[in-house]
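Peer 1: Sending over a structure as structure tokens; questions will come in a sec.
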Amino acid sequence: MTHTIRYIMVGGFLGAGKTTTLGRLAKHYQDRGLRVGIVTNDQATDLVDTNTLRSQGFHVSEVAGACFCCRFNDLMSTIDSLGAQQLPDVILAEPVGSCTDLVATVLQPIKQLYDAKFSLAPYPVILKPSHGRKVLRGDKGSGFSPKAEYILRKQLEEADAILINRIDELTPTDLKELIDLLEEQFPGTPVLRVSARSGAGFDSLTELLDQQGDFGRKVLDIDYDIYAEGEAELGWLNSSMSVTASQPFALDELLLEIVERLSDRLKAAGFEAAHLKTIGLWEGFFGVANLISSDTAPELSLPSNCQVKEVDVIINARVACDPQELQALVTVVVAEACQARTATVELHQTQSFRPGRPQPTHRFSLAST
């Protein structure tokens, strides 16, 4: 009997909470006795998400260099590598947060080319309230251009279900407004309320993902010129480094200070942050700090509670600004934070750029019959 892998892809804009959601789902399926593989995705290497999930003990591989749609063959070979010793029962996939048109370029190719190998779960897309509310209301001060907002709207349009994340941080009035906006603009698409951090609403999500049926059928009518220009407006930075000091310092305070200083600099310059993440890795321990928008405070999302004298640090930044300006700001901020601890920095590598035009390996304009 052919072993069928359940393919679960969770979409959503940058900072929506995809990594936290995948980590919680991975534990859920492992607790059910299932073998789970996770595939992360980024335009560059040194991905905080990959390191975060690996540090939690999950079996993770990464497709880097472009989105799943443009590296479809790499996605398939990466899944094969995850099953080199034993085939997984479930693959959890996290696409790049600035990508859309994933039904036509990922889900339908899997369905039409690898139907015997995979069973497709419903495709959920996570909505980040801080940016989502402004975009759905049509506020002029959303922080992103109409072309970047176009991507977020298209992500929601192709979803089998929309997940409102961070419900524990929303007032009942704000939550009702979001639900009303989604039901008005995306009629017929189920709306679930979840908190990836606390697990609230996850019973409904796992029940959705267990459904059998013909999912991933909402092939978009999409303008690739607007899509490409929207992606290109975001400066992308991945940087890895080692920090060394003569005296122990609190790792969590360093990570949070880097994000706080960078947030302040970006606000002063008028640049909207789509997402900032920094992770510190030290002898099996790790901590993560992040920022999901200019309207929210930086937070220590995963504390390490460690005192260290040396640590590896990775910074991922997605900001609506020139990537060279972003790199300069990150360099200054890291130097300031380390100087305050009389620590030295050894840079391993930095990649800063604007994403190129998407060139999908496959694009099926019609869903399978």
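Peer 1: Shape of region 34-118 from its Cα gyration tensor (a ≥ b ≥ c, root eigenvalues): rounded if a/c is under 1.5, otherwise prolate when a/b > b/c, or oblate?
Peer 2: Working: a/c = 1.95, a/b = 1.08, b/c = 1.81.
Note, shape of region 34-118 comes out oblate.
Peer 1: Something else about it: Looking only at region 212-238, which residues have a backbone nitrogen under 16 Å from a spot 7 Å from the Cα of Q112 in the C-beta direction?
Peer 2: Label zone hits: 215-222.
Peer 1: While we're on this one: So what are the three principal axis dimensions of the chain from its Cα atoms, in whole Å, longest to shortest?
Peer 2: 63, 51, 40
Peer 1: Could I ask something else about it? Taking the Cβ of R341 as the center, what net charge do the other residues with Cβ under 12 Å away carry, scoring Lys and Arg +1 and Asp and Glu -1?
Peer 2: After counting each charged neighbour, the total is -3.
Peer 1: For D139 and Q349, compute 0.36 nm times the residue count separating them, minus their Cα-Cα distance, and round to one decimal in nm.
Peer 2: So the chain would gain 71.8 nm between D139 and Q349.
Peer 1: Something else about it: Suppose R0 equals 51 Å; then what is the FRET efficiency for S246 and D31 from their Cβ-Cβ distance, rounded to the nearest 0.05?
Peer 2: 0.70
Peer 1: Here's something else I'd like to know. Quick one: Debye curve from the alpha-carbon atoms of region 124-193 only, equal weights, vacuum; give me log10 I(q)/I(0) at q = 0.20 Å⁻¹ to two decimals.
Peer 2: Evaluating at q = 0.20 Å⁻¹ gives log10 I(q)/I(0) of -0.78.
Peer 1: Let me ask something else about it. Once the other residues with Cβ under 10 Å from the Cβ of K111 are scored (Lys, Arg +1; Asp, Glu -1), what is the net sum?
Peer 2: That sum, taken over residues with Cβ under 10 Å, equals -1.
Peer 1: Something else about it: In a solvent-free Debye calculation with one equal scatterer on each Cα, what is log10 I(q)/I(0) for region 236-353 at q = 0.17, 0.21 Å⁻¹, listed in the order of the q values?
Peer 2: Rounded to two decimals, the profile gives -0.75, -1.14.
Peer 1: Here's another thing I want to ask about it. May I ask for the net charge around L92, where only other residues with Cβ less than 15 Å from the Cβ of L92 are counted and Lys, Arg are +1 while Asp, Glu are -1?
Peer 2: Here the charged neighbours net out to +1.
Peer 1: Further question on the same structure: Under the 0.36 nm per residue contour assumption, what length would be gained going from the current alpha-carbon distance of E184 and T342 to full extension?
Peer 2: Numbers: separation 158, 0.36 × 158 = 56.88 nm, distance 5.45 nm.
Between E184 and T342, full extension yields an extra 51.4 nm.
Peer 1: Let me ask something else. Using only the C-alpha atoms of region 16-79, find the volume of their convex hull and express it per residue in Å³.
Peer 2: 84
Peer 1: Full-extension gain between A228 and H3, please, as 0.36 nm times their residue separation minus the C-alpha to C-alpha distance.
Peer 2: 77.2 nm
Peer 1: Treating region 153-297 as a set of equal point scatterers at the Cα positions, no solvent, please give the Debye-formula log₁₀ I(q)/I(0) at q = 0.12, 0.17, 0.22 Å⁻¹.
Peer 2: With no solvent term, the Cα-only Debye profile gives -0.78, -1.23, -1.35.
Taken together, the values in this text are just the output of simple stated rules run on the coordinates, not laboratory data. Here the structure is a predicted model, which is why all the values come from computation and not from measurement. Because the Cβ atoms are built from the backbone with ideal geometry, glycine has one as well, and the counts that use them run over all protein chains shown.
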